[in-house]
Each structure stands twice: as structure tokens, then as C-alpha cells.
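Nothing in this text is a laboratory measurement; each read-out follows from the coordinates by a stated rule. This is a predicted model, so every value here is computed, not measured. Neighbour counts are summed over all protein chains in view; Cβ atoms, including those assigned to glycine, are modelled from backbone coordinates with ideal geometry.
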Amino acid sequence: MGGELRIGQCVDRYRIERVLGRGGGGSVYLAESDTGEDVALKVMHEHDLTGVARKRFEREADFVKKLQHPNIVRLLDFGYTRESGLPYICFSYLEGLTVKEALRLEGPFTLGRILRITHEALNALEAAHDMGIIHRDIKPANVFLERRGGREVVQILDFGLAKALEGERLETTGLTRTGYRLGTPRYMSPEMARGEDVVEASDIYSLGLVLAEMITGHPVITEDMHVAIMLEHASDRPLPLAPEISASPLAAIVRHAVAKHVDQRYRDAVEMRAALNEIEPPPEPVAVPIPIPPEPDAPTIQMTRPVVVSDVSMGEALTKKMPRPPPVVQDDAPTVVQGIRIPEEPSTMEISADAPTHAWRAPPPPLKLETPPELSLWVAITVGVLLAVMAFILGVALIV
Ligand SMILES: Nc1ncnc2c1ncn2[C@@H]1O[C@H](COP(=O)(O)OP(=O)(O)O)[C@@H](O)[C@H]1O
Ligand SMILES: [Mg+2]
């Protein structure tokens, strides 16, 4: 198989579509299952033929299968390729970006987003720690921000380095072993860098580094030499933190999470989450109802969503619904806002019964020349009475 899978190639019941990522544990592909479902297929590197790498791969599948949690990627299937016997893990395919990719594209995150992401990552770590599993490779590339129906949901990936706290003597962590991953130096806990036993707080240290990176947009340690990075983690010196971190409301939490000594750090996810809950989240953008002036024949619509200036570029349909600017009294030209033509106000107006009449008077109704029927009756009666009175007076005069 030459190490890499080709686009269109089938691995058992999965057809490879494209590469999603490559890391120490294997290559991850977007694939389509025989039922038409999109999946993420992680296939072990062929050159990793040491027994340890294979065992780790199998153990990753075992851990993820056990860890069913809303913030941990879901395992769908596990198997060995028919062709070469390489192990593969089939995960649910996630749409979105890793924290690493999002930071590269968008720069530092907002406080509200950082709080949400850290909170959800801690939930996932708590679940893993409760099962006696330490992740050991928490870093921005292993924290996935899944886009789900307009929301962003954290999914922790890559339990390929994870270790069970109890009952496992498969390997020792140390710098002397070769041929497989030791972890990612930039995010490695001091315990791992020193070759000591890892504990729950080791994951907290790595998450503290991710937290700091979400605030500044760049890693706490920017050094490139692996040995220098690991010496920095292993030393007793506190990590140098950027001024943006000191200025952030999360400064104390970052410092506590990345404390070099385990006993000066948050003991576990629960402790760190409690500290996080003390931070006042910034107010979410408020949905402002925009009253829409009724248009002829158009149903009345109310928009209840934050007003975004860039909405002006969203086309005429939306722009028509924006509040109109004050009328421009100049010539008869249609009002134009940023190149989009606003329809003119209707030229006729209806005046309701209680509208002030001094402002705009309706034309008087046309004169009616016809005499109403009631008036003719009264005229006839009056004329009749007058004639009767005159006849009476005339009669009296003749007699006299
Ligand atoms: N379920 C998934 N859906 C989408 N992308 C994924 C998924 N799993 C992994 N990836 C992508 O592949 C990359 C490597 O996956 P990971 O499990 O971390 O493998 P490795 O052990 O090789 O680092 C991730 O950083 C991410 O970009
Ligand atoms: Mg990874």
C-alpha cells in the first residue's frame, strides 16, 4: 500500500475521498462508507511496524469506545485492512476546524468563546479522568471545534498517546525509548518532560497552554528546538507569559494551570472548571428587534437578530428590510445607500380618522347636487301647512 492511501481507494467498506490530517499516530481520511455516510478513517502508518505502535493504535480504539461523551469524538468502527492488515479506526466525521487551524485563520479568540471551549474541554477531560484515562497529548491540533447547526461544539481527538492510570505497564515514558511518539514537546507537561509518572494535572498543564494560546493567538513557547522546549517545561522556572495574558481576566487561571509543580496546579478538571465558573462571561450579542415599515402588499416582518453592519452587503432582499435612512429632501432621484437602490416611499398616503388634519388635509368630497329624499318630504309638509294657514286667513277675511 506504500504507506498512503489513494483517493478513490477502498478500505474494506470505506472509500477514501481526501486527507483530513496526518499526525504521529496515523493518517486521517475523509471516507464514504458503503451506506453513504461520511466518516473519518484513521489508518496506522505502515512504517510504524513496531509492536508498540500497533498496540497504541488498538488501545486508542479501546479508550474512545469506552469514552462515550458529548465532547469526545465518537468511534463508529475498528478493524484491520484486508489488504495489509493495518489497523484502522472509523470516527464520526466532524465538520469544522481544530483550535490550531481556527487560531491560524482567525487570530485570538474572544473571552466568551475561550470560556466555552475550555469548559467543554474540561468536561471531556473529567470524563476521561473518571475512567482512569490520561490523554497526554492535549494541544490545539487535538481540540476540534465542530460546527453543528450554527453552534460550536468541542470534540477532543487523538487518544493515541493516552494512558490508563492503573493496571497498565505497557511502556514507560522517557526520553530513552525510541521508535514511537513521546508526546508533543510544545504542550508537554513537566512530568512528561522529566520522564515522571503522569497524573490528571498533567492534562491540565497542557490545557492551560492551549488556553493561553487562545488568548494571544500564539504558543506560550515559541522556541523550535525540541530539547530546548522540553528543558523549559522541565525546569522549575515559571513559564514566561505574554502581556496579553496578564491583562486578561483569565490570567490567574492560566498561571495556576501551568504551574510547574503538580501540587501548585489545579488538581483536576473539576477544580479548574470551578475557577473558570467564577469568571463573568461577557454579554452575548443582544438580538435587537428591527421594526420593518410595511411595504405595499408585503407581509409585516420583524427581524430579531443582532444588527450587523456587514448585512448591508447581503443583497437587496435584506437591505429592503433595514430601517430607512432619514428622507433626503433634494430632487426626485431615488435614495441610494451604498449602491443599493431603496424603493421610493409610496406617493399616496392614507389618513386615519384621528390623524391631525393641519399637517395634511384630504381633498373635500365633491359637492352633491341631488336633494336627499327626507328633505323633499319636509318641504312638502311645510308648503302644505303654509297653504292651509293662508286659506284659513283668507276665509276669515272674507267673512269679516
Ligand atoms: N473525526 C474527525 N473529523 C474530522 N477531522 C478529523 C477527525 N479526526 C481527526 N481529524 C483531523 O485529522 C488530524 C489528525 O487526527 P488525530 O486523531 O489527531 O491523528 P494523529 O494521532 O495522527 O495526530 C486532526 O488534527 C484533524 O485535523
Ligand atoms: Mg493528533
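Based on Cα contacts under 8 Å between residues 6+ apart, the stretch 10-92 shows a relative contact order of 25 percent. Each of the peptides 230-243, 202-215 was scored by the mean count of other Cβ atoms within 10 Å over its residues; in descending order, highest first, they stand as 202-215, 230-243. Considering only beta bridges that DSSP places wholly inside the stretch 26-158, some 95 percent are antiparallel.
One decimal place: the segment GLU196-ALA275 gains 25.7 nm when fully extended, by the rule 0.36 nm per residue minus the C-alpha distance. Remark: spin-label model distance SER84-GLU244 equals 4.1 nm, labels positioned 7 Å along the Cα→Cβ axis.
Sort TYR93, TYR187 so the one with the fewest other Cβ atoms within 10 Å of its own Cβ comes first. Can you show the working numbers first?
Working: TYR93 21, TYR187 26.
Ranked by crowding around the Cβ, least crowded first: TYR93, TYR187.
Using 0.36 nm per residue and subtracting the Cα-Cα separation, the extra length available between GLU58 and ARG267 on full extension is 72.3 nm. A straight chain from HIS226 to GLU37 at 0.36 nm per residue would run longer than the Cα-Cα distance by 64.0 nm.
Modelled label positions at ALA388 and ALA252, each set 7 Å beyond Cα in the direction of Cβ, lie 10.6 nm from each other.
Rounded to the nearest 0.05, the FRET efficiency derived from the C-beta distance between HIS218 and LEU20 at R0 = 25 Å is 0.55. When the alpha carbon gyration tensor of the stretch 10-92 is reduced to an equivalent ellipsoid, its three semi-axes come out at 18, 17, 11 angstrom, largest first.
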